[in-house]
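Have a look at the structure below before the remarks.
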Amino acid sequence: MIFRRIWKPQVRTRVSFIGATATLASGSGVGQALVIVTSPLLTRLYEPADFGVLAVYSAIIAFLILLASLRYELAILLPRSDRVAGAILVLCSVVLGGFTGAVVLGVWGVGWVAPQWVDGLLLGEYLWLLPLAALCGGAYKVASFWALRKQGFRRVALTRLAQDGTMVGVQIGAGLFSMGGLGLVLGHLLGVTVAAGALMRTVAGEVRRAVKGLGAKQVIVMARRYRRFPMFMAWGDFANAAGKQLPVLFFASLFGPATAGLYLLANRVANAPVALVSDAVNKVFLSLGAAARHQGRLPSLAFGVLRLLLKVSILPFMLVGIVAADLFGWVFGTAWKEAGHYLQLLIPHMVAVFVFVPILGLFTLLERQRFAMVFQFTLVTTSAATLATGWWLGDVRLAVLLYSLGTATVYAGFGLWILNAAGVYFGRGLAVIGSELALAGMLSVGVLGLRQALGLEEVTVLDGRLMAFLSLIGLLLVWAFWRSRTAWSRLRCARHAAGAMAP
């Protein structure tokens, strides 16, 4: 009976978490599969420079959407009462309207004052699309957090599928008419617009009941109660977005739009799906973690999520990275093979994003917004420093590798720290990471050696030794954990013996 009481809640929690994640990720997964399947056609309809236009445009839109409601939308998940959450949603809508107006003024000012700088970033003729994209993207984000509060994972999944389907359809149609970079940008914009309209329609009835009769006083109270989200989380997440989008702007401005387009293809085919699935896991973790915190189950839930994500990510990602260059050249054409090399070097970054973005949701659950801001600024500083080092050395691949390793280190360090703050012993997380990394790294080195022996691939210094380096790091982590555990056990035994000998 006791065993049944302990075991059954854990099983239900695990099954509900995996089921909710699968539901939410299914829309992203199918949509991204559609993007990947159609990418060989798009690479033949557009040039790398056209993808460079889309890269810069989507980077700027990511900044705008992130700040559209000043991160107040995160607070929609926290209150127990739908009435209070409704007041927060109204607050988000007011902030979104004001932010959109500011973007309109900013676009007018930038287009008037600095046209040469705008043309240098390949966006001179597309500026007028930015306010509409910010409004639709911000509205979709607010509506999605309300749907997640009601555990409407299926609704969010379907709208994400509609977004990717619309985007791909418009981009293919525009490519057939040789619209160039404008066709890619319009596809991106219309996809966000369709998704926002569909999701807002599904939550409209629930929102109307929650906000009925609300006044300005309740909204102002919520703005003050959750003021730490715009004060710390908004600017910290802006720094995070800067770290993610910095390579695109960096490559476009210093190495040319074609290099930015190659990087975008690597990100679109592999890194973007990883980030979307990780974001889905993060939203499910936030949804279930809020209840787990009230019930005292947050440490076990967080450690279970960490172990699960490590097991399903490290080895598969490394094995895919081994064949990435050949696969890109065969699928997308020889002109795009370099994007496969970029993907190989981004493996550490991809694994870190997949594993630790959900874990870093603990900053929200524990209301550690100030430390979240420190993390984000550390991340963007590391990104800028590593990319600048690669540019100074004059090697694009080295810049990508340094960026990948640097950001992965920051994600892992802060992830383990916030796990410890949530009640998960630091050494437990370190041991799990080290063991999985060592095993996957050694297997990947063996596969690389076999491919080279068979003459299937010439292993370069950056592509081949990266796997050996990661496996060595994993072994060192496991060794350090067991040494610290042994030393701690000896210390405890010595204290116990001293206490027993005391009179």
In region 194-289, which trypsin sites (Lys or Arg not before Pro) fall in coil by DSSP and have 12 or fewer other Cβ atoms within 10 Å? Lys212
Scale the Cα Rg of region 254-334 by the rule-of-thumb value 2.2 N^0.38 Å and send over the ratio, two decimals. 1.53
Rounded, prolate or oblate: pick one for region 146-247, where a ≥ b ≥ c are the square roots of the eigenvalues of its C-alpha gyration tensor, a/c under 1.5 means rounded, and failing that, prolate if a/b is larger than b/c, else oblate. oblate
Nearest 0.05, what FRET efficiency do Ala388 and Ala62 give at R0 = 35 Å with Cβ-Cβ as r? 0.95
Two-site label geometry, Lys311 and Thr334: point separation in nm, points 7 Å out along Cα→Cβ: 4.5
So how much accessible area does Asp279 have, in Å² to the nearest 10, using a 1.4 Å probe? 40
What does a probe at Asp326 reach in region 336-354, counting residues whose amide N is under 16 Å from the point 7 Å along Cα→Cβ? 337-338, 340-341, 344
To the nearest 0.05, what FRET efficiency results for Ser81 and Glu367 with a Förster distance of 30 Å applied to their C-beta separation? 0.95
Name the residues whose placed amide hydrogens come within less than 5 Å of the amide hydrogen of Val323, ignoring near sequence neighbours (fewer than 5 apart) on the same chain. none
Using a 1.4 Å probe, how large is the accessible area of His294, given in Å² and rounded to the nearest 10? 120
With 28 Å as the limit, write out which pairs from Lys283/Lys311; Lys141/Lys244; Lys141/Lys311; Lys244/Lys337; Lys141/Lys217; Lys150/Lys212 have Cα-Cα distances beyond it, or answer none. Lys141/Lys311
Please list, in order along region 280-297, the HN-Hα scalar couplings obtained from phi with the Karplus expression 6.51 cos²θ - 1.76 cosθ + 1.60 (θ = phi - 60°), rounded to whole Hz, x for Gly and Pro. 5, 4, 4, 5, 5, 4, 5, 5, 7, x, 4, 6, 5, 5, 5, 9, x, 10
Where the accessible area of region 194-300 is counted over protein heavy atoms with a 1.4 Å probe, how much of it, in %, is carbon and sulfur? 61
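The values are calculated or read from the model by the stated rules, or taken from the named source; none is laboratory data. Keep in mind the model is a prediction, meaning the values are calculated, not measured. Every residue, glycine among them, receives a Cβ derived from its backbone with ideal geometry; neighbour counts consider all protein chains shown. Just so you know, the surface numbers come from the protein's heavy atoms only, side chains and all, with ligands and any DNA or RNA stripped out. Shrake-Rupley method; radii C 1.70, N 1.55, O 1.52, S 1.80 Å.
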